[in-house]
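To start, the structure under review is shown below, and the notes come after it.
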Amino acid sequence: MGLLWNILFWGAIIWMWTYHSKESRRREQSARRRNSGYFRDVILESFGKMLGFISKSDGRISENEVNVASKCLRSLGLSEEEYQVCVRAFNSVRAYSFSAFHDCASRFASIVADETRTLVYEMLWIVAAADGVLDANEDELLRRAVGPLKIDTLLYQYFKRTYFGGGGGSAGGRRSEESELERAYARLGCASSDSDDAVRAAYRKLAMRYHPDRLKAEGVPEGMIAQATRSMAEINAAWDVVRKVRRL
């Protein structure tokens, strides 16, 4: 009898804990839906400002940086109103200040999931790579940004390798010299010397970060989901190349 009561007691505890967890998630999702306009504005303003900070961190804004920043915004499929929110936020940044960037990034990170933060962090790298050179201030901002954005510190090295080949020169200029396999390893953030298990783990980690389904409940613009879909396609293609070579 004692065993039966123990089973019933712990069964009730587990049921109550599960019910409470589901209710908490339901209330959180309901709150997000009610405040979707607020979340959207914070996301757009913060994103615009972060693009402004990375563009101005080297003390100048090149035409390429402005064009790439605008392209990043347009790629999100924003309405004209949403686009202008980002542009005003971008233009409100007068000079580079990591403390100001930190405040902006922290606010952004407080309301979006890891997948969205990773996607935005990659867009900062895309803008930094627009002029082909990684300036010292750009490098500092991108290295330290992992803190307020609350993302894996390994992503700094991953994107540096992807967009600058690990150094200060843009990887774009070396694309023709790289083999398809080398580009695939770079997209996965791996090296040919890594073990099969390490490469497989890197792919799975990226797949979790960029999977579009994980972004849909975050209140982010549809264009960000489209960007994640494109990134996911690149990651899958890179994995296919490496997998076939390694016969995994």
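The values are calculated or read from the model by the stated rules, or taken from the named source; none is laboratory data. Just so we're clear, the structure is a prediction, and the values are computed from it rather than from any experiment. In this analysis, Cβ positions are derived from the backbone assuming ideal geometry, glycine residues included, and neighbour counts consider all displayed protein chains.
Details
- Among the residues of the range 44-88, those that are over 20 Å from residue 139 (Cα atoms) and among the aliphatic types (A, V, I, L, M) comprise 44, 73, 76, 78, 85, 87.
- Of all residues in the range 102-122, those that are modelled with pLDDT under 85 have Cβ atoms under 6 Å from Cβ atoms of residues that are of a type in the set (Asp, Glu) and assigned to a helix (DSSP H, G or I), 6 or more apart or on another chain, in 112/218; 113/218; 116/218.
- Filter result (crowded, with 18+ Cβ neighbours inside 10 Å, within 19 Å of residue 66 (Cα to Cα), of a type outside the set (Ser, Thr, Tyr) and more than 14 Å from the chain's Cα centre (by Cα)) within the range 88-122: 89, 90, 93, 101
- In the range 75-94, the residue that is farthest from residue 224 (Cα to Cα) out of those that are touching a residue at least 40 places away in the same chain (Cβ under 8 Å) and assigned to a helix (DSSP H, G or I) is 92.
- One residue stands out among those in the range 14-60 that are outside any helix (DSSP H, G or I) and buried (at least 18 other Cβ atoms within 10 Å of the Cβ): the one that is modelled with the highest pLDDT, which is 57.
- Given (1) surrounded by 14 or more Cβ atoms within 10 Å (Cβ to Cβ); (2) in a helix (DSSP H, G or I), number of the condition residue 67 does not satisfy: (1)
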